Every structure is written in structure tokens, then in C-alpha cells.
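Remarks on the structure that follows.
The values are calculated or read from the model by the stated rules, or taken from the named source; none is laboratory data. No experiment lies behind these values; they were computed from the predicted model shown. Positions of Cβ are backbone-derived with ideal geometry, glycine not excepted, and every protein chain shown enters the neighbour counts. Accessible surface areas use protein heavy atoms only, side chains included; no ligands, DNA or RNA. Shrake-Rupley method; radii C 1.70, N 1.55, O 1.52, S 1.80 Å.
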Amino acid sequence: MKIFNFKIVSPIFGFILFISVLSLQSQEIDILIKNGHVFDAKNNIDAISDVSIAAGKIVQVAPSISDKNAKQVIDATGLYIIPGLIDPHTHVFVGPRPGKFADGFNSLSPDDFSFKSGVTTVVDAGTSGWQNFPQFKSQVIDQSKTRVLAFLNIAAQGINGSEEIGLTKIEAEKRDINEMEVDKTTEMILQYPDIIVGVKIGHFKGESWAPFDRAIEAASKTNRPLFVECHLPEYSLQDQLDHMRPGDMITHSFENIDERMPVVDENGNVRPFVLEAKERGILFDVGHGGAGFWFDQAIPSMEQGLWPNSFGTDLHRFSMNAGMKDMLNVMSKYLNMGMPLKDVFLRGSYYPAKAIKREDLGNLSPGSIADVAILSLRKGEFGFIDARNNGIKGDKKLEAELTIREGKVVWDLNGLAAKPFKKN
């Protein structure tokens with residue numbers, strides 16, 4: 001019976017395979033990227049290959065794809081082709097209000113900074129809450145070419161702060177907690193399940209654990225990760241990690257400020273409870289920002305096995321021109337700190353996609369949205385800065401040569417996709 005099935009099914013399968021290959025060969029291709037080094041962790045690809053794109057989606061990744069039916073061919077010889085980068089920590093609820101993050105001038109327009117660093121997806125880190133997320137969606141998310149996702153803050157107004165005049169500290173804290181409504185937060189997440197990828201807790205100075213508990217409850221009810229920022233001075237680092245579940249994310253992981261105990265102790269050792277949290281499945285995001293990344297924390301952590309899961313930039317008005325600069329600068333720091341290139345790429349694309357439970361992103365699978373970054377690895381003498389203005393020297397630096405978002409070129413540093421100029 002086994003032989004009979006093989007003899008009947010095998011030719012049919014072979015014919016189907018032949019038709020499929022024939023169909024791929026005859027399909028019109030919008031963009032064909034040739035001769036680049038493709039790295040796609042989800043599909044275990046780490047080799048010189050071609051990538052074809054049509055109708056905004058990946059068609060094929062193969063060692064050699066004919067350019068016969070290609071409208072545009074891009075030669076990526078000597079360059080890396082990877083899935084579009086994912087920045088899981090940004091503040092992009094930009095608006096007119098001076099000194100504010102929510103609908104404020106302290107946030108940034110995502111398209112102004114994403115594509116030039118190979119980023120095709122950003123996650124806003126709780127700048128909005130259930131009360132003002134609809135405004136954020138209509139004002140920024142719906143207007144952006146960058147894919148903008150969000151962690152919804154358990155605080156009703158996100159990173160807005162208490163603005164009422166005349167409230168005491170206790171009154172303001174009580175008001176803030178009363179507006180941290182699990183049901184309202186859950187409702188908003190379920191209304192926009194493709195955009196809101198998790199719940200955020202941070203920027204709370206009270207002693208009550210109610211905000212943390214409510215954030216976890218909302219995350220649990222919607223099957224999403226909790227994103228924990230360290231601006232919680234009354235909570236110890238160990239207590240924060242102990243409250244978190246496997247798959248939850250903590251950011252500003254390598255910060256060294258008075259507001260929170262650093263992960264590395266005064267003797268240069270990563271604290272045992274931090275390593276235990278990592279083993280338990282807690283995810284550590286860089287969260288570089290203007291003050292969130294220190295070499296005296298990051299380097300010993302690297303050496304002792306506490307590697308970040310993602311390279312969140314904490315992009316905002318005060319970090320973009322400081323030590324952080326952009327996501328590729330953060331990735332280049334880790335490359336020069338000794339992290340292998342494939343692990344850097346992994347933490348820039350597929351790992352954050354898995355962390356936010358969006359495994360449709362961060363890969364080059366046939367049929368997936370064609371978000372692609374083509375990167376060069378420059379060799380030379382470079383300098384990298386942390387949040388305390390300490391610098392290290394390096395000999396490698398990643399740079400975005402070309403970025404494709406939904407099958408369209410949105411950034412082209414050196415004209416890889418440009419038509420050669422011909423003088424009349």
C-alpha cells in the first residue's frame with residue numbers, strides 16, 4: 001500500500017511543484033534584489049540569495065532568480081538583505097503641545113526617522129492610554145507610512161502627567177489610579193487588536209502596586225505582553241521582575257540612575273535575581289533613550305550572558321541627537337561590543353516581532369509584507385557614545401543603504417534603485 005501511494009502521489013506532487021516553479025518564473029516582478037547576503041532567522045536563511053517582490057509582498061527568496069520578468073533590478077552585491085527592522089520602544093504621538101509627550105512636541109513623527117535607519121515598524125511605548133489612543137490613531141498612526149503599533153499605557157492619558165492645579169500629591173496619585181481602568185484598557189485593545197500589541201506601566205511615583213497589578217490584568221485578559229519602564233522609583237527592581245510573567249518586557253535594561261537599582265552591582269557582577277528573571281523568560285529591551293544606556297552596565301552584562309532581546313531606541317526629541325542617534329547606531333554598539341552580526345540582526349527583526357506576538361513581521365517568507373532593509377557594514381574607525389557621554393571606539397558600523405516598505409522604496413541612500421542619468 002505504501003508503494004502504491006508513493007507511485008500515485010509522487011508524480012502528482014512533482015507536477016504541482018513543476019507548475020508552481022513555472023508560475024514563479026513567469027510571474028511579473030516589481031522589484032528583484034540580487035546578489036545580497038540574505039539573513040532571515042525565521043526561515044533559517046543566512047546566504048547569498050536573490051529576493052523578488054510583487055504587489056507589495058515577498059514572492060521568493062532563492063540562490064538565483066531570473067530577471068526576465070523584473071520591472072526593477074537592484075544589485076545588492078556586498079550588502080545584507082534583512083527583514084525591515086522593528087523598534088519596540090519609541091514615542092511618536094507627536095502634536096503641538098510644548099513639553100509634552102502625548103500629543104506633544106517631545107514626541108517625533110515616525111517617518112522622519114524610521115526609514116533612514118532601516119526601520120519599517122515602530123511600537124509607541126505607552127505615550128497614549130485608553131482615553132487618548134483614538135486621537136493618536138487618527139493623528140499619527142493613520143497618517144504614517146511607517147507601520148506604527150502601540151503599547152497602551154494603563155494610565156488613562158498615557159505619558160501626560162497631572163495637570164490639575166491645586167491637587168496635593170496624594171490627591172493626584174489617587175486620581176491617576178482611579179483612571180487606570182482595566183475594562184476600558186481592555187476594550188480599547190480589543191477594538192484595535194492589530195495595532196495595540198501590549199500594555200505599558202511606567203512613570204508612576206506612588207507606592208501603590210495597583211497600577212502594576214491593573215496593567216498585568218489588562219495584559220492577561222488580552223493575551224499580550226506587559227512593557228515595564230523603570231520610572232517607578234517606589235518599586236524595587238527585584239519586585240518589578242518578580243511581578244512580571246514570562247514574555248513580559250522590561251526596558252532601560254542597562255540604565256544606571258538613582259531611580260532604579262542597576263542590573264550590575266558595585267563589583268561589576270550581574271545581580272543573580274536578574275539572571276534568574278532572564279532564565280524565567282523575562283525579555284530585556286535596551287531602551288537607549290537619552291539616559292537609558294550605560295556602558296558600565298551593558299558591557300559587563302554582555303560578558304556575563306545578559307544579552308538584550310531587542311534594541312528599543314526610546315526615540316524622542318531628547319534622544320535622537322544624543323548618544324542614541326538611531327537604531328542602527330544602537331545595533332552597531334553591540335556589534336563592536338562583541339555580539340555576532342547574525343545575533344544583532346536577530347534582535348533587530350525577528351526577536352521583537354515574536355515579543356509583540358506579530359510573527360507576520362520580521363521575516364522574508366513568501367506571501368509576507370515586503371518590508372526589507374538593505375544594509376552595508378562599513379569598516380573603519382568609529383566612535384560610540386552612551387548616556388553618560390562615555391565613548392568606545394569601534395571598527396564596524398551598520399548603515400541603511402535602502403529601505404522597502406510594503407514593496408516600495410522609501411529610502412535610498414546611494415541611488416541603488418535609481419535610474420542611471422544619461423546626459424543628452
Across segment 365-378, the tally of residues that are within 16 Å of the chain's Cα centre (by Cα) and within 19 Å of ALA47 (Cβ to Cβ) stands at 2
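For (1) part of a strand (DSSP E or B); (2) within 21 Å of THR146 (Cα to Cα); (3) not hydrophobic (A, V, I, L, M, F, W, C), each residue gets a yes or a no:
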position	(1), (2), (3)
LYS42	no, no, yes
ASP50	yes, no, yes
SER64	no, no, yes
HIS89	yes, yes, yes
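Can we say GLY166 is modelled with pLDDT under 95 and either open to solvent by 20 Å² or more (accessible area, probe 1.4 Å) or within 15 Å of PHE227 (Cβ to Cβ) (or both)?
Working: modelled with pLDDT under 95: yes; either open to solvent by 20 Å² or more (accessible area, probe 1.4 Å) or within 15 Å of PHE227 (Cβ to Cβ) (or both): yes.
For GLY166, the condition - modelled with pLDDT under 95 and either open to solvent by 20 Å² or more (accessible area, probe 1.4 Å) or within 15 Å of PHE227 (Cβ to Cβ) (or both) - is met.
If you check LYS34, LYS42, which single one turns out to be surrounded by fewer than 24 Cβ atoms within 10 Å (Cβ to Cβ), at pLDDT 95 or above, in contact with a helix residue (DSSP H, G or I) (Cβ under 6 Å, 6 or more places away or on another chain) and not small (Gly, Ala, Ser)? Please lay out each step first, then the result.
Details: LYS34 fails: in contact with a helix residue (DSSP H, G or I) (Cβ under 6 Å, 6 or more places away or on another chain).
Within the list LYS34, LYS42, the selection yields LYS42.
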Can you tell me which residue within segment 268-285, out of those that are outside any loop (DSSP other than H, G, I, E, B) and basic (Lys, Arg), is least open to solvent (accessible area, probe 1.4 Å)? LYS278
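Picking from LYS145, LYS116, which residue would you name as being within 25 Å of GLU399 (Cβ to Cβ), outside any helix (DSSP H, G or I) and open to solvent by 40 Å² or more (accessible area, probe 1.4 Å)? Quick ask: steps written out before the conclusion?
Numbers: LYS116 fails: outside any helix (DSSP H, G or I).
Result: LYS145 is the single residue among LYS145, LYS116 that is within 25 Å of GLU399 (Cβ to Cβ), outside any helix (DSSP H, G or I) and open to solvent by 40 Å² or more (accessible area, probe 1.4 Å).
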Pairs under 7 Å by beta carbon, first residue crowded, with 19+ Cβ neighbours inside 10 Å in segment 48-60, partner of a type in the set (D, E, K, R), six or more apart or different chains? ASP50/LYS34; ILE53/ASP30; ALA54/GLU28; ALA54/ASP30
How many of the residues making up segment 248-260 are under 28 Å from VAL197 (Cα atoms) and among the aliphatic types (A, V, I, L, M)? 2
So, in segment 302-317, of the ones that are open to solvent by 50 Å² or more (accessible area, probe 1.4 Å) and assigned to a loop (DSSP other than H, G, I, E, B), which residue ends up farthest from ALA102 (Cα to Cα)? GLN304
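If a residue must be in a loop (DSSP other than H, G, I, E, B), crowded, with 24+ Cβ neighbours inside 10 Å and of a type in the set (A, V, I, L, M), how many such residues does segment 291-301 contain?
Matching residues across segment 291-301 total 0.
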For segment 88-127 the number of residues that are among the polar types (S, T, N, Q) and under 18 Å from PRO225 (Cα atoms) is 3
Cross-chain or 6+ apart pairs with Cβ under 7 Å, segment 329-346 first and among the aromatic types (Phe, Trp, Tyr), then open to solvent by 10 Å² or more (accessible area, probe 1.4 Å): PHE345/PHE39
Return yes when GLU381 is in contact with a strand residue (DSSP E or B) (Cβ under 6 Å, 6 or more places away or on another chain), at negative phi and among the charged types (D, E, K, R) and no when it is not. no
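Would you check if HIS288 is buried (at least 21 other Cβ atoms within 10 Å of the Cβ), under 21 Å from the mean Cα position of the chain (by Cα) and closer than 22 Å to PHE318 by Cβ? Write out each step before concluding.
Numbers: buried (at least 21 other Cβ atoms within 10 Å of the Cβ): yes; under 21 Å from the mean Cα position of the chain (by Cα): yes; closer than 22 Å to PHE318 by Cβ: yes.
Criteria met by HIS288.
Could you tell me whether segment 263-284 includes any residue that is under 30 Å from PRO193 (Cβ atoms) and touching a residue at least 60 places away in the same chain (Cβ under 8 Å)?
yes
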Of everything in segment 133-142, what is more than 20 Å from PHE113 (Cα to Cα) and either of a type in the set (A, V, I, L, M) or open to solvent by less than 10 Å² (accessible area, probe 1.4 Å) (or both)? Give them in sequence order. PHE133
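I'd like to verify a number: residues in segment 67-113 that are on the phi > 0 side of the Ramachandran plot and open to solvent by less than 50 Å² (accessible area, probe 1.4 Å), how many?
Applying the first criterion (on the phi > 0 side of the Ramachandran plot) to segment 67-113 yields 78, 99, 103.
Filter once more, keeping what is open to solvent by less than 50 Å² (accessible area, probe 1.4 Å): 103.
Result for segment 67-113: 1.
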